[in-house]
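Quick notes on the structure that follows.
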Amino acid sequence: MDGPQPAVVWAAIIVSAALFGLGHLPALAQTVDLTPALVVRTVPLNAVAASSLV
């Protein structure tokens, strides 16, 4: 077996992308009041951006 299983790699990508998105919430909170809509918008958009860097 060479390297990690594909499922493990995809799980790591998804987790790291979600953390990347969550990491942007403090910066957003400094500029505007956080609302559920902003959180739902910010986290997935940043996760997509992070996934494109893979």
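Bear in mind these aren't lab numbers, they're just calculated from the coordinates by the rules spelled out. Since the model is a prediction, treat every value here as computed from it, not as a measurement. Positions of Cβ are generated from backbone atoms using ideal geometry, with glycine treated the same way; all protein chains shown enter the neighbour counts.
Quick rundown of the values:
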{"read-out": "Exposure proxy ranking, count of Cβ atoms within 10 Å, fewest first, for Asp33, Asp2", "value": "Asp2, Asp33"}
{"read-out": "Crossing angle, helix 6-23 versus the chain [Cα axis fit, 0-90 degrees, rounded to tens]", "value": "20"}
{"read-out": "Using alpha-carbon coordinates, inclination of helix 36-51 to the longest axis of the chain, degrees", "value": "30"}
{"read-out": "Relative contact order [Cα under 8 Å, 6+ residues apart], the chain, whole percent", "value": "48"}
{"read-out": "Calculated FRET efficiency for the pair Val9/Val39, C-beta based, R₀ 25 Å, to 0.05", "value": "0.40"}
